[in-house]
Amino acid sequence: MVSEISEQLVGYLGPEGSFTQQAALQLFPAHQQGVRLVPISDIPLLFDQVATNAVQISIVPIRNSTNGYVQPTIDQLNKQSGSNKLIICGETSVKVSHCLAGKRKEETQQNPPTSKEYNFQHIKTLKTHPQAWTQCQRFLEQALPHTERQQADSTSQAAFEVSQDSLGISAAICSELAAKRWGLDILANNIQDDPDNETYFVVIRQRHGKVLVEPVGAVPLTESTSLLPVDLLTPNKLLDSS
């Protein structure tokens, strides 16, 4: 016997401050009753959690306008494409605006300066998700060409790791949401190459699972507007939301 749920759990790729959390907040605004957003560590687990009803909905990144498809998501969609259990019930997008976040030196001004105004010499290590390197190439070449780079599982994970740096000599490429969540100073804003940089997300749920609260503003996924690669379109039971 399946127990009734009193609170809808919505999984997103964490930790807190990620662009996927921004997508989740668009779909399920903070003031909405009966919904709790749950950060989940990786994309395969997002699919597993919704398949086992540990969460009722998962928000998953699928494509970025600069980098293309998110391969772990495509791998999971391929894995699930013959299943009758999960469906894609909508899509949304988030404008990706990166910032450089870290610990500001005391003598700098309060307002976040541009890369031309700021001296980044105290930054010895730079952390972010691999996709962010290619989205911010021009800024990195101009402002931090010789800084050591370390990969993180997500931009928000990079922000968290930098927040643990007691020496203040590391920085993260992340969202402003992540910088604020982990108590970092914003050293430079809007450092992405493309001002129209955007990431697209799909909403995954069980076909016959109970959903207490529907996502706000989710666009129905159809073949004509699909974010999926052609070879995943048909036949694919994930696309049948009936």
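Quick note: the coordinates plus some simple rules give every number you see, no bench work behind them. Not measured: the values here are computed from a predicted model. As a convention, Cβ positions derive from the backbone with ideal geometry for all residues, glycine included, and neighbour counts pool all protein chains shown.
Arranged from highest to lowest average of other beta-carbon atoms within 10 Å per residue, in what order do the peptides 36-48, 154-166 appear? Intermediate values should be presented prior to the final figure.
Details: 36-48: 17.8, 154-166: 21.9.
Peptide ranking by packing, descending: 154-166, 36-48.
Please provide three numbers in whole Å: the alpha-carbon extents of region 7-80 along the principal axes, with the largest listed first.
34, 29, 17
Checking the table LYS127/LYS180; LYS85/LYS180; LYS79/LYS127; LYS79/LYS210; LYS95/LYS180; LYS105/LYS180 against a 26 Å threshold on Cα-Cα, which pairs fail?
On the way: LYS127/LYS180 16 Å; LYS85/LYS180 38 Å; LYS79/LYS127 31 Å; LYS79/LYS210 23 Å; LYS95/LYS180 18 Å; LYS105/LYS180 17 Å.
Going by Cα-Cα distance, LYS85/LYS180; LYS79/LYS127 fall outside the 26 Å limit.
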